[in-house]
Amino acid sequence: MDDRTPIDAAAWERLVKNMLRAEMMRRGVSYEQLVIRLADIGVEDNVLNLRNKVARGRFTAPFFVQCMVALGVKELQIPTQDDIIGDLGGDHAAQKLAKYRGKTFAD
């Protein structure tokens, strides 16, 4: 039996929100620019709606993948359960995720 701490729904929402924000940071893409890039692949949205979706962290998997495609992301680094429970599940983890380039997030 695994004795790891379960991750609550809010932490999952913060994680996907921060993963999206991190990829935007890595590429220097603003919400305005992401709206344009999404339109280029046939996804119509507006800046206010996009900001609200991301701020809530409640969006569909297809929307997340559409954003990744629009940003040109080819690979994603997914944190481990321990990293999510630790400092990558927090509100300001996008910066840490954006800087991450190694094999573990703890480094």
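The values are calculated or read from the model by the stated rules, or taken from the named source; none is laboratory data. Note that the coordinates shown come from a computational prediction; the quantities given were computed from them, not determined experimentally. A quick note on method: Cβ atoms are made from the backbone with ideal geometry, for glycine too, and the neighbour counts reach across all protein chains shown.
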Item to check | Close pairs from region 41-52: first within 18 Å of R21 (Cβ to Cβ) and among the hydrophobic types (A, V, I, L, M, F, W, C), partner in a loop (DSSP other than H, G, I, E, B) and at pLDDT 95 or above, Cβ under 9 Å, at least 6 apart | outcome: V47/S30
Item to check | Flag for V35 being of a type in the set (V, I, T), out of contact with any Phe, Trp or Tyr (no Cβ under 7 Å at 6 or more places or on another chain), in contact (Cβ under 8 Å) with a residue 12 or more places away in the chain and not in a helix (DSSP H, G or I) | outcome: no
Checklist entry - Just wondering, is there one or more residues in region 40-53 that are assigned to a helix (DSSP H, G or I), within 23 Å of I7 (Cβ to Cβ) and hydrophobic (A, V, I, L, M, F, W, C)? => result no
Item to check | Top-ranked residue of region 23-78 - restricted to ones that are more than 26 Å from A9 (Cβ to Cβ) and β-branched (V, I, T), ranked as surrounded by the most Cβ atoms within 10 Å (Cβ to Cβ) | outcome: V35
